[in-house]
1. Give the long-range amide H neighbours of residue 309: residues separated by 5 or more places, or on another chain, with amide H under 5 Å away, using H modelled in the peptide plane at 1.01 Å from N.
2. How high is the FRET efficiency between residue 272 and residue 60 when r is their beta carbon distance and R₀ equals 41 Å, given to the nearest 0.05?
3. In percent, what relative contact order does the range 154-306 have, based on Cα pairs under 8 Å that are 6 or more apart in sequence?
4. Summing Lys, Arg as +1 and Asp, Glu as -1, what charge do residues with Cβ under 13 Å from the Cβ of residue 350 carry, residue 350 excluded?
5. Along the positive direction of the dipole of the range 379-424 (beta-carbon charges: Lys, Arg +1; Asp, Glu -1; about the Cα centre), which of 400, 389, 420 reaches farthest?
6. Per residue, what accessible area does the chain have, given a 1.4 Å probe and all protein chains present, in Å²?
7. How much length is gained if the chain between residue 37 and residue 233 is pulled fully straight, taking 0.36 nm per residue apart and subtracting their Cα-Cα distance, in nm to one decimal?
8. Heads up, I need the accessible area for residue 256: 1.4 angstrom probe, whole protein in place, Å², nearest 10.
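The values are calculated or read from the model by the stated rules, or taken from the named source; none is laboratory data. Model, not experiment: these values are computed from the prediction. Quick reminder, even Gly has a Cβ in these numbers, built from the backbone with ideal geometry, and neighbours come from all protein chains shown. Ligands, DNA and RNA are excluded from the accessible area calculation, which covers all protein heavy atoms including side chains. Shrake-Rupley method; radii C 1.70, N 1.55, O 1.52, S 1.80 Å.
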Amino acid sequence: MFLTDEEKRMRDGAEGDAVAAAMDLLIRYGYALDAERLCDIRNVAGTMTQPSPVKARLVAEGGWDKAFAVINLDSDADLTVPPMRVPTCQLQHGFGPDSAGVVPYPAASVALQGDAEAFYGRHGVNILATCTPYQVGNLPLRGEHCAWMESSAVIYANSVLGARTNCEGIASTGAASLTGKVPCCGNHLDENRRGTHLVWVSGTTVESFQDWGMLGYFAGSVAGEDRPVIAGSLSRPDLTELKHFGAAAATSGGVELYHIPGITPEAASVESAFGTGTAVPEAAVYGPAERRAVYETLNEIGSSTDVDFVLLGCPHASVDQIRQAAALLDGKRLAAGTELWIMAPRALKVMADRSGYTGVIERAGGRVLADSCPAMSRAAPLGTRVFATDSAKQAHYLPAILGIEAWFGTLEECVAAALTGRWDGGLR
Ligand code: F3S
């Protein structure tokens, strides 16, 4: 793999042991990926503060420097963590102190995370604490090379923003944050950004938030880890629908990049999405039968219609999603024994607080919670047996993580379930 003089200097220790360990990791990683060189990056979205038992043990042994060395740099050496070399943010992590008494989440984890925030904040990590950094000010430009984790964020960065990132890991983002480098392969290269599968919507329309989630789930099942191009009978999506679509496609498959001609930035037409001179492949049709099949898959875990938990905001909710939920809850009261949580970036919760939406939701008995989610922190209301959600991603994962039943539906159906304690959804 080609290394510049600057990269060789970092590898050889000119900028300290931690940077040298980071460069060593990136070189090993690059060789494993057959990368020919490293990309310059200036935007890292990773995770350093998420509490875990292993992290707690490492911190007890050698402080946060030790924890960063082992977990974020794959190094057993005694290193001192320098300031981040490029802008770096923390993605979602565990629940914070304001969730105490609401979320059954260990106080020791809350304390460890608070300690981590202080350490990493001092080292230049922006504690955005959300899976949607693009909603709270981290917006890489089109063509900008990044090192991001979190599948729903990666697909958004690549597809909606036209930035370039692979789905990185804890160690590669840690190394990238200290060097401003990442292996230049995969989604960083033009030739790997063209469409591979055509998904054609026909005989049905995709115009609601729920529909965009179901179409994303279908596209992921068709494309697997490749790059679907979506066309046909589509309404123009808004950003929350694209957020939902991408998260679903990255859940049923491993999609990191898609194109919607005329909407996403790198595809003016179906033909150009596949590349000039490349034949457009035969389409996988998404029609009424496929729509119903996706809906049934996402609802196959639900049997009891007694709902005790409603979860909204996966990926983390926009202010507008919080406002919509508040409007449906205004002046009403959740059913006894039913809880409603809306997950949101903390910065947007502040806006929801100031706009009065949080107050409306709380007066109804619901919560707007920041920083994390039940899947990430493995924490749902005590005794939850059946939950309802408008998120295809949560409907897919949470039953397996928490051993509970799931219903997938619209925002209106989910709020109705919170108000009645009963699931009465169905495909319209
Ligand atoms: Fe975010 Fe949790 Fe969903 S981290 S994407 S709300 S699973």
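1. 339, 386, 388
2. E between residue 272 and residue 60, to the nearest 0.05, is 0.15.
3. Over the range 154-306, the number comes to 29 percent.
4. 0
5. 400
6. 39 Å²
7. Computed gain between residue 37 and residue 233 is 66.4 nm.
8. Taking all protein chains as shown, residue 256 has close to 50 Å².
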